[in-house]
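Please read the structure below before turning to the comments.
The values are calculated or read from the model by the stated rules, or taken from the named source; none is laboratory data. Keep in mind the model is a prediction, meaning the values are calculated, not measured. Positions of Cβ are generated from backbone atoms using ideal geometry, with glycine treated the same way; all protein chains shown enter the neighbour counts. Accessible surface is based on the protein model in full, side chains and every heavy atom, while ligands, DNA and RNA are left aside. Shrake-Rupley method; radii C 1.70, N 1.55, O 1.52, S 1.80 Å.
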Amino acid sequence: EALHLKYLSLGCNDLSDAGAASLSRALAEASCGIDHLDVSNCGIERPGLRLLAAAIKKTERMSRLNVDDNECTEGVLDLAVSPCLLQLSLCNVGITDAIAKQLAQKLAVESAHHSLQMDCRKNAACSDQGRTALQGLSKIKKNITVMI
């Protein structure tokens with residue numbers, strides 16, 4: 001019988017991209033689906049986040065993910081379209097205006113979410129232009145809520 005782990009908090013550990021790669025392999029192979037993963041402030045950058053995104057898509061179970069305080073910039077684009085995620089926290093991850101626009105566009109076109117709450121607060125490089133793009137997404141896709 002498979003073990004079902006509900007919540008795994010690895011926040012504030014120095015995982016970096018190497019640790020994210022190991023975690024991704026474990027998530028992809030594990031028969032225990034994790035509902036909520038917290039990898040906030042773990043030194044994960046774009047390559048590590050892309051690996052995590054691919055593993056999360058395979059799990060089809062994870063509903064909440066927190067990647068706050070990692071410099072992962074464009075890597076968030078891969079995460080946002082994971083259909084199993086219901087809550088995605090992207091606070092202080094280096095989202096710029098360009099990334100915010102790409103994120104809004106990608107979710108508007110590719111989103112298969114029944115519902116998604118996405119927290120994009122505290123991204124200093126995201127100005128009113130980027131915030132407007134994300135607010136527009138919430139108007140187009142009523143099932144997506146964006147906190148900015």
Step by step: first the residues of region 41-57, then only those that are closer than 15 Å to residue 18 by Cα and not aliphatic (A, V, I, L, M), then the one that is surrounded by the fewest Cβ atoms within 10 Å (Cβ to Cβ). Which residue is that?
47
All conditions in (1) in contact with a strand residue (DSSP E or B) (Cβ under 9 Å, 6 or more places away or on another chain); (2) open to solvent by less than 20 Å² (accessible area, probe 1.4 Å); (3) small (Gly, Ala, Ser) are true of residue 94 except (1)
Selection over region 108-139 where residues are over 19 Å from residue 71 (Cα atoms), among the hydrophobic types (A, V, I, L, M, F, W, C) and loosely packed, with under 12 Cβ neighbours inside 10 Å yields a count of 2
Out of (1) free of Cβ contacts under 8 Å to residues at least 40 places away in the same chain; (2) closer than 21 Å to residue 119 by Cβ, the one residue 5 does not meet is (2)
Region 7-39, subset hydrophobic (A, V, I, L, M, F, W, C), farther than 15 Å from residue 54 by Cα and part of a loop (DSSP other than H, G, I, E, B), residue least open to solvent (accessible area, probe 1.4 Å)
39
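Those residues that are assigned to a loop (DSSP other than H, G, I, E, B) and hydroxyl-bearing (Ser, Thr, Tyr), I need them from region 41-79; list them, please. Even if it seems obvious, please write down each step before you answer.
From region 41-79, those assigned to a loop (DSSP other than H, G, I, E, B) are 41-45, 60-63, 67-72; that's our starting set.
Hit for region 41-79 is 63, nothing else.
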Test for residue 103: is it part of a helix (DSSP H, G or I) and aliphatic (A, V, I, L, M):
yes
Filtering region 58-76 down to residues that are open to solvent by 20 Å² or more (accessible area, probe 1.4 Å) and over 15 Å from residue 20 (Cα atoms), which residue is nearest to the chain's Cα centre (by Cα)?
64
Please give the number of the condition residue 82 fails out of (1) in contact with a His (Cβ under 8 Å, 6 or more places away or on another chain); (2) in a loop (DSSP other than H, G, I, E, B); (3) within 22 Å of residue 107 (Cα to Cα).
(1)
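Please find, among 103, 86, the residue that is closer than 19 Å to residue 64 by Cα and buried (at least 19 other Cβ atoms within 10 Å of the Cβ).
Numbers: 86 fails: buried (at least 19 other Cβ atoms within 10 Å of the Cβ).
Going through 103, 86 in turn, the sole match is 103.
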Starting from region 97-109, take each residue that is of a type outside the set (Asp, Glu) and list its partners that are outside any helix (DSSP H, G or I), counting only C-beta distances under 7 angstrom and pairs at least six apart or across chains.
100/126; 106/81; 107/81; 107/141; 107/144; 108/141
